[in-house]
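Single-structure report; data block below.
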Protein chains: 2
Amino acid sequence: MIQLNQRDPRPIYEQVKENFKNLIFQGVIRPDEKMPSVRELAQKLSINPNTIQRAYRELEQEEMIYSIPGKGSFAASVNMIRDNEIRDLMQTFTQTADRLLDIGVSKEDLIRKIEGRSRV
Amino acid sequence: MIQLNQRDPRPIYEQVKENFKNLIFQGVIRPDEKMPSVRELAQKLSINPNTIQRAYRELEQEEMIYSIPGKGSFAASVNMIRDNEIRDLMQTFTQTADRLLDIGVSKEDLIRKIEGRSRV
DNA sequence: TAACTGTATTACTTTGTTTAGTACAGTTAT
DNA sequence: ATAACTGTACTAAACAAAGTAATACAGTTA
């Protein structure tokens, strides 16, 4: 389910976080579905439970999952996740746009950039 | 000229970098003007010349300054700096836009965001 | 009660930052 | 030519920060 890359320079807990983010986004882990327990996953990956715990703690802070002591950790609802990501991306979007406008790029240039994108 | 903040958790070379970026952007250091030498500045700030050297090296990689062995380090031209910043911001802008489009936000929504900005 | 769950605390290890010392080559002014 | 600058490179060591490991505690479930 989760796969660690030895050559990846990032810390393990970051790789674990990204792995789960992808799994949740792709729907492999459904909303409210139970995640592997910290000990179970740690054993499978041959790493320390604390490392998993850190990944889970940060995923919870980012509202990707929620944890209940004694019960387990569970994937948040996709709507929640989607809304959170849109909120964060929108903030980056407007901040970047403001900086570009400040520096002298015109609104028209930015709009043309958007219109030129080949997305739906 | 440069001021270090003891409570700032960032490494010293990062603080030095930011200080100079601001000075150059604000025009306090003019294009092609000589920057303090690594040894001189290190002595003034009571830190190691190597730390300044690292700041200068990275500023040069970011094309904020240019260095000539034997002569000194000099601020890059504002046009160069401006172009570089626009290039970087544009990349962030389109990447963020693409991600938002992927996730289901419409082009119209993004364009409206731009138009709603209170910049010139 | 036993086996599971997340969490907190403390220590150890690894990595990154900073300092220090030394050296080399180009520039400038004496 | 020489002395005093300049940037750059390299190695080693001291120190700080980040990451990981070990252990213990409390809640949940069967």
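Values in this text are rule-based calculations from the coordinates and carry no lab data. This structure is a prediction, so every number in the text was calculated from the model and none was measured. Cβ sites come from the backbone with ideal geometry, for glycine too, and all protein chains shown count toward neighbours.
Quick notes on this structure:
- Most mobile of B:Ala42, B:Ala76, B:Ala55 in a GNM of chain B (Cα contacts under 10 Å): B:Ala42
- Relative to one another, the C-alpha centroids of region A:2-81 and region B:1-65 are positioned 40 Å apart.
- For the protein assembly as shown, the number of Lys pairs separated by eight or more positions or lying on different chains, with C-alpha atoms closer than 30 Å, is 29.
- Percent RCO, i.e. relative contact order, over chain A, from Cα pairs under 8 Å lying at least 6 residues apart: 21 percent
- Taking θ as phi - 60° and the Karplus parameters 6.51, -1.76 and 1.60, the scalar couplings of region B:41-52 work out to 5, 4, 5, 4, 8, 6, 10, 7, x, 4, 5, 5 Hz in sequence order, x denoting glycine and proline.
- Under a 5 Å amide H cut-off, with hydrogens placed 1.01 Å from N, A:Gly72 pairs with nothing among residues at least 5 apart or on other chains.
- Most fluctuating residue given options A:Ile52, A:Ile29, A:Ile68, as computed from a GNM of chain A linking Cα atoms under 10 Å: A:Ile68
- With label points defined 7 Å past Cα in the direction of Cβ, position A:Gln26 shows copy-to-copy spacings of 4.9 nm, given to one decimal and shortest first.
- Chain B: most fluctuating residue of B:Phe25, B:Phe74, B:Phe93 per GNM, C-alpha cutoff 10 Å: B:Phe93
- The phi-based Karplus calculation (6.51 cos²θ - 1.76 cosθ + 1.60; θ = phi - 60°) puts the 3J(HN,Hα) values of region B:5-22 at 9, 4, 7, 5, x, 6, x, 4, 5, 5, 5, 4, 4, 4, 3, 5, 4, 4 Hz, whole numbers, x for Gly and Pro.
- Along chain B, the longest continuous region that contains none of the trypsin sites (Lys or Arg not before Pro) in a DSSP loop with at most 10 other C-beta atoms within 10 Å is B:8-70.
- Coil-residue GluC sites (Glu not before Pro) of region B:1-62, DSSP, other Cβ within 10 Å capped at 16: B:Glu33, B:Glu62
- For region B:53-69, 3J(HN,Hα) computed residue by residue from phi via the Karplus equation (6.51, -1.76, 1.60; θ = phi - 60°) reads 4, 5, 4, 5, 4, 6, 5, 5, 4, 8, 6, 8, 9, 9, 10, 10, x Hz, glycine and proline entered as x.
- A label point on A:Asp88, set 7 Å along the Cα-to-Cβ line, lies at 2.1 nm from each of its counterparts in the other copies, closest listed first.
- Using every pair of distinct Cα positions in chain B, the Kirkwood expression returns a hydrodynamic radius of 16.7 angstrom.
- Chain A versus the axis that turns it onto chain B: the residue with the nearest Cβ and the distance in whole Å amount to A:Ile111, 3.
- Sorted ascending by nearby beta carbons within 10 Å, beginning with the fewest, A:Tyr56, A:Tyr66 become A:Tyr66, A:Tyr56.
- Distances, shortest first, from the label point of B:Ser46 to those at the same position in the other copies read 5.0 nm; the point lies 7 Å along Cα to C-beta.
- Shielding by partners for peptide B:81-90, expressed as the average number of C-beta atoms from other protein chains within 10 Å of each residue's C-beta, is 3.
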